[in-house]
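I have placed the structure first, in the form of structure tokens, so that the comments after it can refer back to it.
The values are calculated or read from the model by the stated rules, or taken from the named source; none is laboratory data. Owing to the predicted nature of the structure, the values given are computational and were not obtained by experimental measurement. Heads up, the Cβs are rebuilt from the backbone with ideal geometry, glycines too, and the neighbour counts pull from every protein chain shown. These area figures cover heavy atoms from the full protein model, side chains too; ligands, DNA and RNA do not enter into them. Shrake-Rupley method; radii C 1.70, N 1.55, O 1.52, S 1.80 Å.
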2 protein chains.
Amino acid sequence: MEFQLEHAKDILRRTPATLNLLLQDLSEPWLMNNEGPDTWSPYDVVGHLIHGEETDWIPRAKIILDDGENRAFTPFNREAMFEKSKGKSIGELLKMFAQLRAENLRQLDKLNLTPELLAKRGLHPELGIVTLSQLLSTWVVHDLSHIGQIVRVMCKQYGDAVGPWKAYLPVLTR
Amino acid sequence: MEFQLEHAKDILRRTPATLNLLLQDLSEPWLMNNEGPDTWSPYDVVGHLIHGEETDWIPRAKIILDDGENRAFTPFNREAMFEKSKGKSIGELLKMFAQLRAENLRQLDKLNLTPELLAKRGLHPELGIVTLSQLLSTWVVHDLSHIGQIVRVMCKQYGDAVGPWKAYLPVLTR
């Protein structure tokens, strides 16, 4: 698929409610268990998505539109949530994420992006030249891949409970 | 995690609404594209989940409770949906799945499962001896892993659109 702004927005606007449905009021072990040392729980993933809303997607879009290739993006801290989420309930995090996403979608609309603007180039600190449409495509894939991570982490909590069926469930050994 | 009936039900009851949120009224390419030859689209996955509700989980639970190890399960046709879903809209499939799941959760409650019943053994045609709690754990992991498949298939539609970010998105090459 080629990037299309309407296609992308249709995914981005669904993510908060999808996360609510998957995680709201879920019992502690489903929420807090991870895949082992240095891996993330579903709770951790929501904090990571919040940090992306605050520092990554729309701020980088604005850097591309304002400064083009002349100013590299601020590097994104993938693990900021371990400090930032401390003491917050999953309900609070889900609400924060939903509010930030709604605001960022409003900001996105305000940018009035045309095909010309979507082709504008920016400078990623490690990846080099990228375009605005590549940034927005990555926002979509980032959402979906973290939903995939959440359900994979949850699957693995039942890795032993499924018994012999493990042989039919590649997700458990991925 | 050990299997606990309440934990399992808390996942099983969320799946229809999660699928609705992800897929209802989604545009055709997100819904119908797959990962290449002999792979499934999100639309296909919903049909597969419907067939599981009709022929796999509760029917097998009843075989275990009624006949134990004396009667092997009927083999499950993983690809029945290619015929069965024909001509149906995604909205129709999502509605069918939600109705079947709600009915199956009612059936599950009616079984009044105790720890003794959950430990009862049945005979899988290929895997051999399995228990009822392993069957129900597999139902949960099956749901979650197919949600993961749906979002992975969707991610891959933007495999080119993300440009250089592909290097940071392992989901695109999995």
Q | Of all accessible heavy-atom area on the stretch B:52-173, the percent that carbon and sulfur account for (1.4 Å) | A | 52
Q. From Cα coordinates alone, what are the radius of gyration and Dmax values for the protein assembly as shown in angstrom?
A. 21.4, 73
(Q) Quick check: convex hull of the Cα atoms in the stretch A:43-98, volume per residue, rounded to a whole Å³? (A) 67
Q. Put the label 7 Å from Cα along Cα→Cβ for A:T39; what are its distances to the other copies, in nanometres, shortest first?
A. 2.2
Q) List the trypsin sites (Lys or Arg not before Pro) in the stretch B:76-113 that DSSP assigns to loop (not H, G, I, E or B) and whose Cβ has at most 13 other Cβ atoms within 10 Å. Which are they? A) B:R78, B:K86
**Q.** Per residue solvent-accessible surface (Å²) - the stretch B:1-97, probe of 1.4 Å
**A.** 46
**Q.** Length-normalised contact order for chain B - Cα pairs under 8 Å, 6+ apart - percent
**A.** 31
Q. Which angle from 0 to 90°, rounded to the nearest 10, does the C-alpha axis of helix B:42-55 make with the longest principal axis of chain B?
A. 10
(Q) Please give the Cα centre distance for the stretch A:148-174 versus the stretch A:53-128, rounded to the nearest Å. (A) 32
Q | Copies compared at B:P164 - label distances in nm, ascending, label defined 7 Å from Cα in the Cβ direction | A | 5.2
Q: Round to the nearest 10 and give me the degree value, 0 to 90, for the angle of helix B:57-67's Cα axis relative to the longest principal axis of chain B.
A: 20
Q: Using 0.36 nm per residue of separation minus the Cα-Cα distance, give me the extension gain between A:E69 and A:E116 in nm, one decimal.
A: 15.4 nm
Q. Hey, what angle do you get for helix A:90-110 against the long axis of chain A, alpha-carbon based, 0 to 90 degrees rounded to 10?
A. 20
Q. So, counting K/R as plus one and D/E as minus one, what does the shell of residues with Cβ under 14 Å around B:H51 add up to?
A. -1
Q.
Net charge around B:S41, counting only other residues with Cβ within less than 14 Å of its Cβ (Lys, Arg = +1; Asp, Glu = -1)?
A. -1
Q: Within the stretch B:124-151, which residues have the backbone N less than 13 Å from the label spot 7 Å out from B:T55 along Cα→beta-carbon, could you tell me?
A: none
Q. In cubic angstrom, how much convex hull volume per residue do the alpha carbon atoms of the stretch A:1-104 span?
A. 138
Q: List the aspartates and glutamates whose Cα lies under 19 Å from the Cα of B:K86, skipping any in the same chain that are fewer than 8 positions away.
A: B:D25, B:E28, B:D38, B:D44, B:E53, B:E54
Q. Once the Cα atoms of chain B are picked out, what are the Rg and Dmax in Å?
A. 17.7, 57
**Q.** Using a 7 Å Cα-to-Cβ projection, A:K95 label spacings across copies, nm, ascending
**A.** 3.5
Q. Of A:K84/A:K120; A:K9/A:K95; A:K62/A:K95, which sit over 28 Å apart, Cα to Cα?
A. A:K84/A:K120
Q | Chain A residue with Cβ closest to the axis mapping A onto B, distance in whole Å | A | A:G148, 2
Q.
Summing both sides, how much accessible area is buried between A and B? Use a 1.4 Å probe and give Å² to the nearest 100.
A. 4800
Q: Towards the positive end of the charge dipole of chain B, with charges on Cβ (+1 Lys, Arg; -1 Asp, Glu), say which of B:L100, B:L21, B:L172 has the farthest Cα.
A: B:L21
Q: Give the Debye-formula value of log10 I(q)/I(0) at each listed q (0.18 Å⁻¹), with one equal scatterer per alpha carbon of the stretch A:81-163, two decimals each.
A: -1.03
**Q.** Radius 9 Å from Cβ of A:T15, net charge of other residues (Lys, Arg +1; Asp, Glu -1)
**A.** +2
Q: With N denoting the number of residues in the stretch A:19-72, provide Rg(C-alpha) divided by 2.2 N^0.38 Å, to two decimal places.
A: 1.62
